[in-house]
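The values are calculated or read from the model by the stated rules, or taken from the named source; none is laboratory data. What you are looking at is a predicted structure, and each value in this text was computed from that prediction instead of being measured. Every residue, glycine among them, receives a Cβ derived from its backbone with ideal geometry; neighbour counts consider all protein chains shown.
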Amino acid sequence: SSASLTGSFNPVDKFLISRVGEDWIFLILLGLVMALVSWVVDFCIAICLQAQKWMYGGLDSNIFLQYLAWVTYPVVLITFSAGFTQILAPQAVGSGIPEMKTILRGVVLKEYLTFKTFVAKVIGLTCALGSGMPLGKEGPFVHIASLCAALLSKFMSLFGGIYEKALCVCVCVCVPGVLFSIEVTSTFFAVRNYWRGFFAATFSAFIFRVLAVWNRDEETITALFKTRFRLDFPFDLQELPAFAVIGIASGFGGALFVYLNRLIVQFMRKQKTINRFLMKKRLLYPALVTLLVSTLTFPPGFGQFMAGKLTQKESLVTLLDNRTWAKHGIAEEFDYIGHSQAWQHPQVNVFVTLVLFIVMKFWMSALATTIPVPCGAFMPVFVIGAAFGRLVGESMAAWFPDGIHSDGTVYSIVPGGYAVVGAAALSGAVTHTVSTAVIVFELTGQISHILPVMIAVILANAVAQSLQPSLYDSIIRIKKLPYLPELGWGHHEKYNIRVEDIMVRDVRYITLNCCYRDLQNVLMVGNLKTLALVESAESMILLGSIERAQLQALLSRQLSRARRLEYIRDRSVSEKKNLSVLTVPSKNDENQRASQEVRFQVRGHSKTVKWEWSCNLSFKSMLFMFSSLLLRILFLQIAEWEEMQLDEQVNFDDCKIDPAPFQLVERTSLHKTHTIFSLLGLDHAYVTSIGRLIGMVSLIELRKAIEGSVKAKGVKLRPPPGQFPGQRHQQQRERGHRAAQAVGSPQHLAAS
């Protein structure tokens, strides 16, 4: 227990814990664990990618062997990742953000925060990203951070009391994901947990960068993707329309990406033959997708036209380069250095290469994210957005080779700045977040393009949110998770919808004076988690709510074997008492009994009776018939006893009753209902009118109303409040008295 564990510490530890605080210690441990996990995963991914390049480069004498090495390596890793995840913990598939949104809303999802899921997520993600497929790790690391926080809270009873706070903060550990994690997982976020997220993220980022320096990956603590944009005049105001175009186009592109991803999943599910075949051969689909993507990115093949030999990190580094690749579209003027040589092709200029890269990576990423492995989609979309921004930047540099003239000064075009804007805009459009702008600033280490980045991200979000849900909300709809969608912009007709328009009027309830048979009938119909308790079927006054498990326990206790045996024991004791009360027999009774015995003996003395039926039956058949008869009698007795028990009135004394379940009135608006459900994490609410139960609203009804399948029925006049019985009878007597006076009045007589 927590008390025993605390008592086992020495006074110095107790003083340290009391002064430093449990929150600080927990967050330090959480940041440390996440930094170690992130560094180990990145290290293993880098080794896997280097191994693939080593195998590919060592077989340059034979192109067929090069193809086999280029294709087989990712197929093996992806197949292993899919198989390992499926066997150990299928809950680790995907990014985990849709499930975390659902969990943080208050819904319990089994096995999503266990150690098995953590192991499957880390190992599966490492293999998936090490294959070189267009997959991301930002989303899965949100889930991994949540797993770390849950496991730390579970296995360290000292910090068991702050589990709920940690669960809200754990998604903030991924660098640079404080704001991003809050945006993608929470509708409402407690500001008091803000400092916890930044503290854990800062500590984790510091440890992560120190480990990189210790491993000699970096000389010092620097940005992950270093850029060298000029700081005096990074852009001119005349370039803002081009940045706005990037934002609007990225909004359409983000909506198209979400639609394409959902279309692929729905197509696979609707084709019953394909779906049935893939359910039997679970590893075939990821192997085929990996084979297709690897074949198209093979460098000597089609991959030479789309920089196929570059990894995602290498592609992003080259796309953010501040040098202009081509002027006037002439490839020969390309200053190729290092990885930038992958964008060079003798027959194709840089514009065609960028277009092919964007188009191919777009549908490849949408297809690859449907593979049943731990993976995300943020990084592929980020790279595609950077390529689109680079394309616009190179086009601007070709249209204005001498730069933009303003006030006698020439501002040269920086295509790398356009790549930064495009990366933030497209990733923000897909995820419906604005924090991607901050992510770009932290990744590049420069904030010079803050204005165009914010303009593009806001425009991209405005366009994408009006067309499609976010990628995570789309996955929630595909998986049919119990999550409440957001109210869209501009749907003013939804504000006229009231609770009475969407509530379920046929509510399952139990009365205070019901019998166990009524309880059994209610439990047999439907699978509601809680049932309403009303005073009576006539008044319908809501007294509270009872959980289904409590009612099942009541019914099981009433029909339990222990109570039945107790009933049999009591009945046998009462029968023995009745038999023990005997009167003393008289002489006449004795003579009569003796004569009866004699008559019986004379009658039963005949030897002519032959028991032929007993000779025809074996001993086993007789025993079987006898046991069957006994069982039948026993079952009949049990059924008779249960019928007696079901007719008894329910005793709610030992039952936990919620005396104040959440209630709404029938005139509550849809907007207020949505806000209340989101803030309190409700899954249902009862609708009452002056204390009387008239309906119930759940997430299903709210979701249908928000999605537009429910229309407002117009403004309704509120019925007058009900009167007490004495007032009602008094009003009836007054109306009768007035009617009698009207009959005897002169006007009535004249009219008759």
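Things worth noting here:
- Residue tally, condition part of a helix (DSSP H, G or I) and either surrounded by 14 or more Cβ atoms within 10 Å (Cβ to Cβ) or among the aromatic types (Phe, Trp, Tyr) (or both), over segment 638-670: 5
- Whether a residue is surrounded by 21 or more Cβ atoms within 10 Å (Cβ to Cβ), in contact with a Ser or Thr (Cβ under 9 Å, 6 or more places away or on another chain) and not aromatic (Phe, Trp, Tyr) was assessed, and Met379 passes this test.
- Out of Thr444, Thr431, Thr436, one residue alone is touching a Lys or Arg at 6+ places or on another chain (Cβ under 8 Å) and crowded, with 20+ Cβ neighbours inside 10 Å. It is Thr444.
- Check on Val169, modelled with pLDDT under 55, assigned by the TED database to the domain that holds Trp54 and buried (at least 24 other Cβ atoms within 10 Å of the Cβ): yes
- Scanning segment 349-371 for any residue that is touching a strand residue (DSSP E or B) at 6+ places or on another chain (Cβ under 8 Å), surrounded by 21 or more Cβ atoms within 10 Å (Cβ to Cβ) and at pLDDT 85 or above turns up at least one such residue.
- When Leu65, Leu77 are checked against the criterion of being without any contact (Cβ under 8 Å) to a residue 40 or more places away in the chain and assigned to a helix (DSSP H, G or I), a single residue qualifies: Leu65.
- In the condition set (1) modelled with pLDDT of 85 or more; (2) in contact with a Leu (Cβ under 9 Å, 6 or more places away or on another chain); (3) aromatic (Phe, Trp, Tyr), Phe84 is compliant with all but (2).
- Among residues that are touching a helix residue (DSSP H, G or I) at 6+ places or on another chain (Cβ under 6 Å), surrounded by 11 or more Cβ atoms within 10 Å (Cβ to Cβ), modelled with pLDDT of 75 or more and in a helix (DSSP H, G or I), Leu519 is included.
- Residue count, segment 90-119 (criterion: over 21 Å from Leu471 (Cβ atoms), among the hydrophobic types (A, V, I, L, M, F, W, C) and at pLDDT below 90): 2
- Selection status of Leu278, in a helix (DSSP H, G or I) and at pLDDT below 80: yes
- Test: residue in segment 129-140 that is in contact with a helix residue (DSSP H, G or I) (Cβ under 8 Å, 6 or more places away or on another chain), touching a residue at least 12 places away in the same chain (Cβ under 8 Å), more than 30 Å from Leu316 (Cβ to Cβ) and part of a loop (DSSP other than H, G, I, E, B): no
- Only a single item in (1) surrounded by fewer than 18 Cβ atoms within 10 Å (Cβ to Cβ); (2) modelled with pLDDT of 80 or more; (3) under 16 Å from Gly393 (Cβ atoms) is not met by Arg230, and it is number (2).
- The residues on offer are Tyr285, Tyr259, and the sole one that is in a helix (DSSP H, G or I), surrounded by fewer than 16 Cβ atoms within 10 Å (Cβ to Cβ) and on the phi < 0 side of the Ramachandran plot is Tyr259.
- Within segment 94-128, being surrounded by 16 or more Cβ atoms within 10 Å (Cβ to Cβ), out of contact with any helix residue (DSSP H, G or I) (no Cβ under 6 Å at 6 or more places or on another chain) and in a loop (DSSP other than H, G, I, E, B) holds for Gly94, Arg105, Thr114.
- Scope segment 33-64; condition more than 27 Å from Val75 (Cβ to Cβ) and surrounded by fewer than 17 Cβ atoms within 10 Å (Cβ to Cβ); matching residues: Leu36
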